[in-house]
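Following: one structure in C-alpha cells, then a few remarks.
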Amino acid sequence: MYIGRFAPSPTGPIHFGSLVTAVASYLDAKHHDGIWKIRMEDLDQPRFVEGSDKAIINSLHQHGFHWDDEIIYQSHRIDIYQTYLSNLNQQGSTYFCECSRKEIADSAMTGIDGMIYPGTCRNKKLDANHHALRIIAKDTFITFEDKIQGSIHQNISKDFGDFILKRSDGIYAYQLAVVIDDALQNINTIIRGADLIDSTSRQIYLQKNLSFPSMNYGHIPIATLNQKKLSKENHSTPVNDANIKNNLIACLKFLGQDYELIEKENTLTNFWTTAIQLWDISLVPKIKTIEI
Ligand SMILES: [Zn+2]
C-alpha cells in the first residue's frame, strides 16, 4: 500500500509553493489508492509562528484535502529522536564537533549543499558540552531513481562530508528527524519540492545506518519569484481561501497536468475525483525550478 505524506513547517500561512507540494503528494498517493498523512515540521522553534499550524490545517481542509491518521508534530517527538541518535552513538558512527561556522568556512570546500566539513573534530573525542553532533560520512555512493527528475548519484563523503545530526543549540537536524519520522510513520513514497533533492542521499545514508527501509522519491519543481524560492521569509502571498478552485487549477497547471476536464467540475468533491483519476506524474516538468 502506498503511504505518502505532506510535511509543512508552521512558519506562516500556506503559500502557493507549499500548496503545489500538497497537491502533488496528495494526487500521487490517492491515484495509487494510497494513504496520505500530514506532519508538522516544527523542530526549529524560533522560526515557528504561533497558530500557523492551525492556519495551514484549516487551509488544507478548505481546499478539500482528506488526510489519514492524526497529524503529528516533530516538537513532541524529541525523546524518539534521542533514542535513535543514541543508537548511532553506540555504533561509533558519530562524534562531537566544536567548530564555529567561520572556522568551517575558512577550511572547507564547497559541496553540493553548502560546505563539506573537513573532519577537523573526528579524532578529538569531545564530550557533549554544547557541541554539535555529526555523523561520519563514509565513502559511500548513493544512487536513487527519482520518479520525476531521473537517476541521481551522489557520494556522501565527497559531496557532503560529515553532516550534522544535532546542532550545538540542541535542535535535532532536519535530516535526522525526517528519516526517523518517515520510517516510523511507515511512509514509502515521498513527493516533495526539488529544493530537497540534495538532502535525499543523506537521508538514504541515514536510513541505511538506522536499518530503516528505503523509500521512493519524486521531486517536483519549486516555484520561484525573482529566482528565489517562495517562502514566508520573502513574504510570498498566502493563498486566498476564497479562491479555492483557482488556486487548485494554478497548481495543476504548474504541475503540467491536463486540467481542462477537471476545470469543468462544479463541486470540490468532483474536482478531486477527476483530478485523482487523471493525475499523471510523467507530465510534471523535469526541472528543479519554475519562475512564476
Ligand atoms: Zn569540528
> Of 124/158; 30/245; 229/264; 264/288; 30/147; 54/147, which sit over 25 Å apart, Cα to Cα?
Replying inline: 229/264; 264/288; 54/147
> In a Debye calculation with equal point scatterers on the alpha-carbon sites of the range 225-278 and no solvent, what is log10 I(q)/I(0) at q = 0.13, 0.16, 0.17, 0.25 Å⁻¹?
Replying inline: -0.40, -0.57, -0.62, -0.97
> Using the alpha-carbon centroid of each, what span in Å lies between the range 57-78 and the range 214-292?
Replying inline: 19 Å
>> Given axes a ≥ b ≥ c from the Cα gyration tensor, I'd like to know whether the range 81-163 is rounded (a/c under 1.5), prolate (a/b larger than b/c) or oblate.
In response: oblate
>> Quick check on the exposure proxy: order 112, 14 from fewest to most C-beta atoms within 10 angstrom.
In response: 112, 14
> Can you work out the FRET efficiency for the pair residue 98 and residue 283, with r the C-beta to C-beta distance and R0 = 30 Å, to the nearest 0.05?
Replying inline: 0.05
> Using 0.36 nm per residue, how much length does the chain from residue 128 to residue 141 gain when fully extended, once their Cα-Cα distance is taken away?
Replying inline: 1.7 nm
>> Out of all DSSP beta bridges in the range 150-292, what portion is antiparallel? Express it as a percent rounded to 5.
In response: 25 percent
>> If you average the alpha carbon positions of the range 151-186 and of the range 20-44, how far apart do those two centres end up, in angstrom?
In response: 20 Å
> How would you rank 201, 100, going from fewest to most other Cβ atoms within 10 Å of each one's own Cβ?
Replying inline: 100, 201
>> At R0 = 30 Å, how high is the FRET efficiency between residue 244 and residue 112 if r is their beta carbon distance? Nearest 0.05 is fine.
In response: 0.20
>> Tell me the angle of helix 16-31 to the major Cα principal axis of the chain, expressed in degrees between 0 and 90 and rounded to the nearest ten.
In response: 80 degrees
> Nearest-5 percent of antiparallel DSSP beta bridges in the chain?
Replying inline: 55 percent
> Roughly speaking, what is the stretch gain from residue 211 to residue 45, that is 0.36 nm per residue apart minus the C-alpha to C-alpha distance, in nm to one decimal?
Replying inline: 56.9 nm
> Under the rule of -39500 (n - 2.57) per DSSP H run of 4 or more residues, summed and divided by the residues of the chain, what mean residue ellipticity at 222 nm is obtained, to the nearest 500 deg cm²/dmol?
Replying inline: -10000 deg cm²/dmol
> What's the exposure ranking of 5, 77, going from fewest to most Cβ atoms within 10 Å?
Replying inline: 77, 5
>> Over the chain, what is the relative contact order in percent, taking alpha-carbon pairs closer than 8 angstrom and at least six residues apart?
In response: 23 percent
> Computed from the mean reciprocal separation of all distinct C-alpha pairs, what Kirkwood hydrodynamic radius does the chain have, in Å?
Replying inline: 20.2 Å
> Per the chain: cysteines with no other Cys C-beta under 4.7 angstrom?
Replying inline: 99, 251
>> Against the empirical 2.2 N^0.38 Å scaling, what ratio does the C-alpha Rg of the range 1-96 come to?
In response: 1.27
>> Testing the spin-label approximation: label points 7 Å from Cα along Cα→Cβ at residue 270 and residue 82. State their distance in nm.
In response: 5.5 nm
> Which distance in nm do the two modelled labels at residue 73 and residue 31 give, with both placed 7 Å along the Cα-to-Cβ direction?
Replying inline: 3.4 nm
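FYI, it's all coordinate maths here, none of it is from the lab. Being a predicted model, the structure only gives us computed values, none of them experimental. Positions of Cβ are generated from backbone atoms using ideal geometry, with glycine treated the same way; all protein chains shown enter the neighbour counts.
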